[in-house]
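Peer 1: The structure under discussion is supplied below as structure tokens; questions concerning it will follow.
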Amino acid sequence: MSDIPIRAIKFDHRDTSFRHRGGPPGHAEIGRTVDTALSETMGAGFARWEGAEVTWTVLYDEVIFVIEGELEVTAAGETHRIAPGQMLWIPEGTELVYGGQALFGYALYPGNWKALHGME
């Protein structure tokens, strides 16, 4: 059991600490809000993409939901353009490229994916 009290927590992208994730060219950054200190079972946060292209293989199931702009995710030769009010589900093991100009939120499972893959 965690020592963290059980309560709902609201997060705002304007209050989130972001770290560099990609670029140049462009710029990409991620701010994890729900991390393993809050939950080992899931993770969540915000990201900002400003023209950067980042190649990655997801090591977790992920849901992306766009708040502003348009995110482009290319996987298996298909480009998905996600606009505000839309979501994209990406299964674990997907090789992809994130791109576009967007502010978006994400949720992932499992939240402790780094530890499970020996990356911590």
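Every number in this text was worked out from the coordinates using simple rules, so none of it is lab data. Treat the numbers as computed from the prediction; the structure is a model and nothing was measured. Heads up, the Cβs are rebuilt from the backbone with ideal geometry, glycines too, and the neighbour counts pull from every protein chain shown.
Peer 1: Multiply the residue separation of residue 6 and residue 80 by 0.36 nm, subtract the distance between their alpha-carbon atoms, and state the gained length in nm to one decimal. Spell out each step's value before the answer.
Peer 2: Working: separation 74, 0.36 × 74 = 26.64 nm, distance 3.67 nm.
So the extension gain works out to 23.0 nm.
Peer 1: Between residue 117 and residue 20, what is the label-point separation in nm under the 7 Å Cα-to-beta-carbon projection?
Peer 2: Distance between the two pseudo-spin positions: 2.1 nm.
Peer 1: Using a Gaussian network model of the chain with C-alpha springs under 10 Å, which one of 93, 85, 31 is most mobile by mean-square fluctuation?
Peer 2: 85
Peer 1: Residue separation times 0.36 nm, minus the C-alpha to C-alpha distance between residue 70 and residue 56: what's the value?
Peer 2: 3.2 nm
Peer 1: Kirkwood Rh, the stretch 1-97, all Cα pairs: how many Å?
Peer 2: 14.8 Å
Peer 1: Can you compute the helix-only [θ] at 222 nm over the chain? Use -39500 (n - 2.57) per DSSP H run of at least 4 residues, normalise by all residues, nearest 500 deg cm²/dmol.
Peer 2: Working: 1 runs with 4 residues, N = 120.
Estimated from H runs of four or more residues: -500 deg cm²/dmol.
Peer 1: Sequence-distant or interchain residues sharing an amide H contact under 5 Å with residue 34, placed H: which?
Peer 2: Residues meeting the criterion, in which the H sits 1.01 Å from N, are 44, 45.
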